[in-house]
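Engineer: Have a look at this one before I ask anything.
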Amino acid sequence: MRVLITGGFGCIGSWLTRELVRQKVKVYIYDLREDRRRMRLLMEESEYSQAEFVPGDITDGQRFFEVCQLHAITHIVHLAALQVPLCRADPIRGASVNVIGTLVVFETIRKLAGQIQNLVYASSAAVYGEPSAYDLDGDLDESLPLRPTTHYGAYKVCNELSARAYYLEHGIASVGLRPWTVYGVGRDFGMTSEPTKAILAAALGRPYRISYGGFQDFQFAPDVARAFVRCLAHPAQEAVVYNLRGTVADMATFHRLLTQVAPQAAELITYGERQLPIAYRLSDHRFQRDYGPLPVTPLAEGIRQTFERFRTLSQLGLVTDADLA
Ligand SMILES: NC(=O)c1ccc[n+]([C@@H]2O[C@H](COP(=O)([O-])OP(=O)(O)OC[C@H]3O[C@@H](n4cnc5c(N)ncnc54)[C@H](O)[C@@H]3O)[C@@H](O)[C@H]2O)c1
């Protein structure tokens, strides 16, 4: 396997790189610029230096094609994207990176006719709409209508539909995964990064307010990385998309668990009331049926591991108050 990860220096990409390098898989990182900051927080230099950096913009189709050809890439994990705040601020740029960028990946696979054996890409739970748009009495599976409330969510829906079109028109199979709130070391940007920043603040002994509340699905970054690895190793037969599931909990529960690990959080960490506009009781039974069993790290344990790591990193001066911005 020669795996190319687009957006590989991001949070999920860094955890995925750690997982793949430990399995002795050859990894190429396709990203805008060399930035191993997150990787440094998660693993030793002897590990992250094994991932080869290839600079490039995902919207540059010619460059992406040449890189995949030159390095004889066999598997692609497509993560490069702009997150909710950047898509809101500049929807045209957002569509360029998130939608055109995804088409670049599919076009490259088509042109390389047979070279790329598997594509796994990040969709998002943001394809779903407000919780009130769904019947939350039971778990929600992939058959439900998609009603995104953000440009970001709309772009992800578009990508899922493009994936289907590439399968129907060109026989290109793919797997899309829909994470919710990914948390853990390295999660430092985006709408749902605030719980991780709260854990960091507790480790630094600083006050922090999470601007929202309500329910969400907390998914531990290493678990999410392992889900991508599972899919990478077992290509789908068509264009498939899966919900992922971690721990569905409200912010009061998150706060209570954080306080059990770090009693100072009781005073330092506060949170708001606003429910994020994404349905949260998403079932992963299809993913577990096709790719499982994949165990979920309990939220209390994920918080504990993240807190301990942040405490070590702060003693080493590798995370500071500036990371709370
Ligand atoms: N983190 C989450 O909670 C979450 C939830 C649902 C879906 N996702 C999706 O998972 C994927 C990865 O998320 P993340 O949290 O690791 O994101 P991130 O913001 O940490 O990383 C994104 C990476 O993409 C790169 N990138 C941006 N524009 C690029 C371009 N034009 N060309 C090449 N690279 C570019 C960035 O430099 C960065 O390294 C994204 O597609 C995101 O939409 C994330």
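Read-outs throughout are calculated quantities, based only on the coordinates presented, and are distinct from any laboratory measurement. From a predicted model like this one, the values you see are computed outputs, not experimental measurements. Ideal geometry is used to build each Cβ from the backbone, glycine not excepted, and the neighbour counts take in all protein chains shown.
Engineer: Looking at (1) surrounded by 14 or more Cβ atoms within 10 Å (Cβ to Cβ); (2) over 18 Å from the mean Cα position of the chain (by Cα); (3) away from the ligand (no atom under 14 Å from the Cβ); (4) in contact (Cβ under 8 Å) with a residue 60 or more places away in the chain, which is the only condition residue 72 fails?
Structural biologist: Single failed check for residue 72: (1).
Engineer: For region 57-67: of the residues being in contact with a helix residue (DSSP H, G or I) (Cβ under 6 Å, 6 or more places away or on another chain) and more than 19 Å from residue 16 (Cα to Cα), which is nearest to the ligand (Cβ to nearest atom)?
Structural biologist: 59
Engineer: Here is a further query. Within the bounds of region 171-193, is there any residue that is in a helix (DSSP H, G or I), surrounded by fewer than 21 Cβ atoms within 10 Å (Cβ to Cβ) and at negative phi?
Structural biologist: no
Engineer: Does residue 247 satisfy the criteria of being free of Cβ contacts under 8 Å to residues at least 60 places away in the same chain and farther than 16 Å from residue 203 by Cβ? So that I can check it myself, show each step before the final result.
Structural biologist: On the way: free of Cβ contacts under 8 Å to residues at least 60 places away in the same chain: yes; farther than 16 Å from residue 203 by Cβ: yes.
Judged against the criteria, residue 247 is a match.
Engineer: Hey, another quick one. Considering each residue of region 105-147, count those that are touching a strand residue (DSSP E or B) at 6+ places or on another chain (Cβ under 7 Å), free of Cβ contacts under 8 Å to residues at least 60 places away in the same chain and closer than 23 Å to residue 85 by Cβ, and give that number.
Structural biologist: 3
Engineer: Among the residues of region 156-164, is there at least one that is closer than 22 Å to residue 256 by Cα, within 13 Å of the ligand (Cβ to nearest atom) and of a type in the set (Val, Ile, Thr)?
Structural biologist: No, that holds for no residue.
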